[in-house]
1. Within segment 208-219, can one find any residue that is within 16 Å of ligand 2 (Cβ to nearest atom), within 16 Å of ALA145 (Cα to Cα) and either among the basic types (Lys, Arg) or not in a loop (DSSP other than H, G, I, E, B) (or both)?
2. Would you call GLN354 under 28 Å from the mean Cα position of the chain (by Cα) and either away from ligand 1 (no atom under 13 Å from the Cβ) or not charged (D, E, K, R) (or both)?
3. Taking segment 235-272, which residues are part of a loop (DSSP other than H, G, I, E, B), buried (at least 17 other Cβ atoms within 10 Å of the Cβ) and more than 16 Å from ligand 2 (Cβ to nearest atom)?
4. Quick one: how many residues across segment 157-199 are assigned to a loop (DSSP other than H, G, I, E, B), away from ligand 2 (no atom under 14 Å from the Cβ) and within 19 Å of the chain's Cα centre (by Cα)?
5. Quick one: how many residues across segment 34-62 are buried (at least 16 other Cβ atoms within 10 Å of the Cβ), free of Cβ contacts under 8 Å to residues at least 40 places away in the same chain and more than 20 Å from ILE114 (Cβ to Cβ)?
6. Suppose we filter segment 273-290 for residues that are in a loop (DSSP other than H, G, I, E, B), within 11 Å of ligand 2 (Cβ to nearest atom) and buried (at least 19 other Cβ atoms within 10 Å of the Cβ); how many remain?
7. Residue under question is LEU117, and the condition is that it be under 29 Å from LYS141 (Cβ atoms) and among the aliphatic types (A, V, I, L, M); does it hold?
8. Considering only segment 78-94, how many residues are surrounded by fewer than 22 Cβ atoms within 10 Å (Cβ to Cβ) and at pLDDT below 95?
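The values are calculated or read from the model by the stated rules, or taken from the named source; none is laboratory data. On a predicted model such as this, the values are computed, not experimentally measured, just so you know. When we count neighbours, we look across all protein chains shown, and the Cβ atoms used for this are built from the backbone with ideal geometry, even at glycine.
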Amino acid sequence: MRGVTIILMEKRVYIETYGCQMNEHDSERILRLLEGSHYIGTKDAKEADFILINTCSVREKPEHKVYSALGRYKWLKERRGAIIGVAGCVAQQEGNKLLDRVPYLDMVIGTHAIPMLPQLLQKIEVSGERVCETGFDQNGKYLEAILPQRSLDKVKSYVTIMQGCDHFCSFCIVPYVRGREQSRPSREIVEEVKHLAEMGMKEICLLGQNVNGYGKGLEEETSFSELLENINDIDGIERIRFTTSHPKDLSEELILAFSKLEKLCEHIHLPFQSGSDRILKAMHRGYTKESYLGKIDRLKEVCPSIAITADVIVGFPGEEEEDFKQTLDLIEKVRFDDLFSFKYSPRKETRAAQFVDKVEEKVKQEHLSILQEIQKGITLQKNLELEGRVEEVLVEGRSKQSTQDVTGRTRSNKILNFGGDISLVGKLVPVRITKGYAHSLRGELVPPQCRLQNANFGVKDSEILI
Ligand code: SAM
Ligand code: SF4
């Protein structure tokens, strides 16, 4: 029998992403997977043969955006016959209901079904059949690395170390749409990071809904701190970050890693959600305001330069003025480098959606504005305090504001723009901070003749010995 060679025509995929880093990274993985079949990515939906909307359902607003995005792309289906799909949390949550509601939708693909995407696409291409795949994969196959097929034009990369969550905070939909906690074996993660280092990646951000819980159920027992140590030993990787940690599971071992591992950046994202013990209990968070502050003190003791960011929710059912005051008090005490603040948004399936003592929308909005104003002042003040210091920056690319400038991040994860050439991309350079703003820093490159090896980061001008 003679074999038949089928040459598939190159097609284009456009992916629109909503939500957190997890979703951003899932979109990257989807693109890598499709590039291994006959698709290439495009940034222009109008020229796409396949449009995929990768969705988020953590709050109501991003969920609604999905439907308006679908409406926006309907004409591309009608005019060009583009295949239209929905992936991510909304796909997982709504399943076949989405197909019923949106007649021109071809594909619904849940959070565990990404590896099946090329086959499902082919099925639609060949038969025109509409598909829905939302089963949970208990064996963790869906977490396996999807390595890039070609060099990436960037210097940092996400690596998923675990999926799902077992915490069931009463407001949160994640355990329902991402499933239960599943960790990837440490060996697999280390292999993936080595591969990324070979491709020129300098910074790795380890992803999971609750990275401190890493390791549960693995054959070869590894704690999250041990995983960090293994990654710290990989040549070529200069910086390690992780997100997100749950305050309840933040161990002393992990806190100590900030002083022990030279590649672990001095930044932690530690969502507290509320400063009121009564509300924390109703949220089922498993810690108190005092124990949260205790962990912050310990982090600052072990690593005085650590930057701290967090998530907070206002207007959770039953929240009163006194509870809100406790939240503001916690913010003033910690002095976060930055905060992601949200109005409580009821999610069906979660326990809090049944709570009756709802907070009025007007009050939620007022509280959110007050809180954001206070935080804006703290962030600006902290950035102003950095003026005159020299910080190590990993240069990521050209600045959006000026073609004369490049942009990068400090180890504390702050954006720093400075005059410089594109040849600096991928390099770690010392930059003196000249101006602190509310959302970024401005600086100037320290000339080579003024650099002392490893000696002049994080100090003021006057302290640098030349
Ligand atoms: N795993 C992380 C943790 O435990 O802190 C958070 C993951 S969640 C995807 C990101 C953030 O969304 C949460 O920290 C919370 O502040 C916010 N969030 C989650 N559910 C929410 C809801 N129903 N309403 C408003 N904000 C919500
Ligand atoms: Fe959601 Fe709580 Fe799990 Fe975070 S820890 S993902 S907030 S259930």
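1. The answer is no, given that none of the residues of segment 208-219 is within 16 Å of ligand 2 (Cβ to nearest atom), within 16 Å of ALA145 (Cα to Cα) and either among the basic types (Lys, Arg) or not in a loop (DSSP other than H, G, I, E, B) (or both).
2. No: the conditions fail for GLN354.
3. Correct list: ILE237, GLU238, LYS263, CYS265, GLU266.
4. So in segment 157-199, the residues assigned to a loop (DSSP other than H, G, I, E, B) come out as 161, 164-173, 179-181, 184-185, 199.
From the residues that got through so far, the ones that are away from ligand 2 (no atom under 14 Å from the Cβ) too are 161, 184-185, 199.
Cutting the leftovers down to within 19 Å of the chain's Cα centre (by Cα) gives us 161, 184.
Count: 2.
5. Residues that pass the stated criteria total 1.
6. To start, the set of residues in segment 273-290 that are in a loop (DSSP other than H, G, I, E, B) comprises 274-276, 284-288.
If we keep only those that are within 11 Å of ligand 2 (Cβ to nearest atom) too, we end up with 284-286.
Checking which are buried (at least 19 other Cβ atoms within 10 Å of the Cβ) leaves us with 285.
Looking only at that region, the number is 1.
7. yes
8. Matching residues across segment 78-94 total 5.
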